[in-house]
Ligand SMILES: [Mn+2]
């Protein structure tokens, strides 16, 4: 990603095709699109991006997409076309969300040897009801365009899991220094490949933990094998947690998800079995931007150096961007958004 920035700065000095970013004034970090391609265009126009020479671009700024471009919404092809054209033309960067990871794992096969020693192939993510449902809207909208879908899947495989740029960080759900450092030391930094995906079939592998933590965040199990059904209709035995809680004492200090915990669990104490799964992103760390969490209401930073830009666009909330210009303390006034028209 250092290369990304370097090549961006080089291209800023030597503009290609007449587009100069020599006065680059920052990054617009844009939240989960989830197939709301028409709303994305409205947001880009509102922020001063213009369609010119094949993509939307801003004379001084660069867009950064936090992933989850696909699934759920009505205009998935349009959303992908807009984002990929911007990335291809140097007007934007894009990282992987858990939905792009799911699409890759759902469509990637691995060889498996069964008990009779015969070899067959299985998908990295099995085509069960839950996984079918997550990707169904995307597959439906691409049904007549299988080659185009293949092109996008190949493109997803080239996208990073996280970015570090000009003093800030972008990751879909959660920044974990241990995971990032090991990716840098032992893997290809933020970039995955087919072997990496296949390794996630072992849920205890580092590869599985890396993808899970960065694109889905941290969570804790509900006590006594309890289950909750979320407003998305899925039933889960865990709840999503903050990756920045400082000295938390009970569940209410760490819960971070759209659905509230049952009242009787709010004061459930945290012990070492819980806290070993929690992270604390410190105040002196660079600002980090995430999507993923289906927030509602008026956008504001969740902490001085952490902002979530997912405000539930596909559920008729807001499609949100944060306009970053190098500040260490994030500012509520730097959010921009459009409401999604039902
Ligand atoms: Mn997500």
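The values are calculated or read from the model by the stated rules, or taken from the named source; none is laboratory data. Since this is a predicted model, take the numbers as computed values, not measurements. So basically every Cβ, Gly included, is an ideal-geometry build from the backbone, and we count neighbours across all protein chains shown.
Before moving on, here are some points about what is shown:
- Scanning the stretch 318-334 for residues that are over 15 Å from residue 63 (Cβ atoms) and surrounded by fewer than 21 Cβ atoms within 10 Å (Cβ to Cβ) turns up 326, 327, 328, 329, 331, 332, 333.
- Among residues of the stretch 304-339, those that are within 15 Å of the ligand (Cβ to nearest atom) and outside any loop (DSSP other than H, G, I, E, B), counted: 8
- Within the stretch 70-178, helices (runs of 4 or more DSSP H) holding 1 or more residues that are modelled with pLDDT under 95 and more than 16 Å from the ligand (Cβ to nearest atom): 129-141
- Residue 82 at negative phi and touching a residue at least 60 places away in the same chain (Cβ under 8 Å): no
- Residues in the stretch 65-78 that are crowded, with 24+ Cβ neighbours inside 10 Å and touching a strand residue (DSSP E or B) at 6+ places or on another chain (Cβ under 8 Å): 65, 66, 67, 68, 69, 73.
- Residues that are within 15 Å of the ligand (Cβ to nearest atom) and either under 13 Å from residue 324 (Cα atoms) or assigned to a strand (DSSP E or B) (or both), drawn from the stretch 50-68: 65
- Looking across the stretch 96-112 at every residue that is surrounded by fewer than 18 Cβ atoms within 10 Å (Cβ to Cβ) and without any contact (Cβ under 8 Å) to a residue 40 or more places away in the chain, the one that is farthest from residue 169 (Cα to Cα) is identified as 112.
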